[in-house]
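The values are calculated or read from the model by the stated rules, or taken from the named source; none is laboratory data. On a predicted model such as this, the values are computed, not experimentally measured, just so you know. Here the Cβ positions follow ideal geometry from the backbone for every residue, glycine too, while neighbour counts run over all protein chains shown.
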Amino acid sequence: MTQINISPSDSPSPHHPITPSPFCPTIPIRIGIVGTGYAAKARAEALKRDELSLANAVQTLLVTITGHTPEKTEEFSQTFQVQSTASWQQLVEREDLDLVIISTINRDHGAIARAALENDKHIIVEYPLSLDPSEAESLISLAAKKNKLLHVEHIELLGGLHNAIKESLPQIGKIFYARYVTINSKQPAPEKWTYRSSLFGFPFVGALSRLHRFTDLFGKVNTVNCQSQFWYREVDFYKACLCTVQLRFNNNVIGEVVYGKGETFWQSENLFTLYGEKGTLIFTPQQGQLLQGEKIQTIEVGSRRGLFAKDTKMVIENLLNGTPLYVTPEASLYTLKVADYSRKSSETGTTLEVK
């Protein structure tokens, strides 16, 4: 097996309390958003609602946005009654902003985050922080040097599915195998950046949440073995992809993650199954089941609605009051490294030993 090193300091600590932030920004916190897609709209809606105002005092002010095209940028700015800025480069240089939210194509996350930090801005960025783990690591160091908040969003950790899984784990005893399958059938594949490798990244990097569920539940990874297949329509644009990875954790849990999307698939699937010595848990996004012999118990799963708003509110409260956040950038970085090793495993056809 090929050996690749991960520093122990990179390992996740899902149960370790997060140190409150020492930031003391001015009020209101002035915010700019890079992006005009679904996540950007969810952030803007959250910032415009009264739930981010405490004691009827305005805590945040959405000042400006910028997008990939002038048309979408102008439409977005009119919808939310905010200024538009011509480019992200100009947005991060604005002196009337305290916080930049990065909700655009994955390829640009690292560059925008670096420029924002160099211009003394706090940051919210949708995962991944960067397509390159080395760049992501340097950004975390830069944020610490600048004494700025760098928050990498992982709303799946806030969602009803993940919380239901964590609450149910003790009922099945010692876990030895977990399998998570997400297949999204699209007929035909959409003309979106998420189907372009150069913009989205390797599937497990772009869809980092699939692996982050596992590192949050089971901790450090020992070995990684990944296989992938792509159906290309043209250079850098695929009409479907399939990636599978097997992770062996230091606690001997074997995790298998399957991620597929596109027009090669004729049926969608979303299933998380966990096998323990005292039972089995089976989850869909809507509900779960606990199976113990003849006994079958239904488990309620909370809604995914409002998670971007919840994440945004938690960041604002962290900036204002030092309230702990639910995830650290170091934990996201660790999962990003595991995802990148998945890419290397797929390309080399080898099992990588992580130390």
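Details
- Only one of the listed residues (SER209, SER228) is of a type in the set (S, T, N, Q), at negative phi and in contact with an Asp or Glu (Cβ under 7 Å, 6 or more places away or on another chain). That residue is SER209.
- Boolean, GLU167 is of a type in the set (D, E, K, R), touching a strand residue (DSSP E or B) at 6+ places or on another chain (Cβ under 9 Å) and over 19 Å from VAL92 (Cβ atoms): yes
- Looking across the stretch 210-229 at every residue that is surrounded by fewer than 22 Cβ atoms within 10 Å (Cβ to Cβ) and among the polar types (S, T, N, Q), the one that is farthest from LEU157 (Cα to Cα) is identified as GLN229.
- Where PRO329 falls short, out of the listed (1) in the same structural domain as GLN286 (by TED's automatic domain parsing); (2) crowded, with 19+ Cβ neighbours inside 10 Å: (1)
- Test set (1) modelled with pLDDT under 95; (2) in a helix (DSSP H, G or I) - ASP311 fails condition number: (1)
- Tally of residues being part of a helix (DSSP H, G or I), under 30 Å from ARG30 (Cα atoms) and modelled with pLDDT of 95 or more across the stretch 316-355: 6
Yes/no per residue for (1) more than 17 Å from the chain's Cα centre (by Cα); (2) surrounded by 18 or more Cβ atoms within 10 Å (Cβ to Cβ); (3) closer than 19 Å to ASP311 by Cα; (4) modelled with pLDDT of 95 or more:
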position: ALA40; (1), (2), (3), (4): no, yes, yes, yes
position: LEU47; (1), (2), (3), (4): yes, yes, yes, no
position: LYS72; (1), (2), (3), (4): yes, no, no, no
position: SER103; (1), (2), (3), (4): no, yes, yes, yes
position: PRO133; (1), (2), (3), (4): no, yes, no, yes
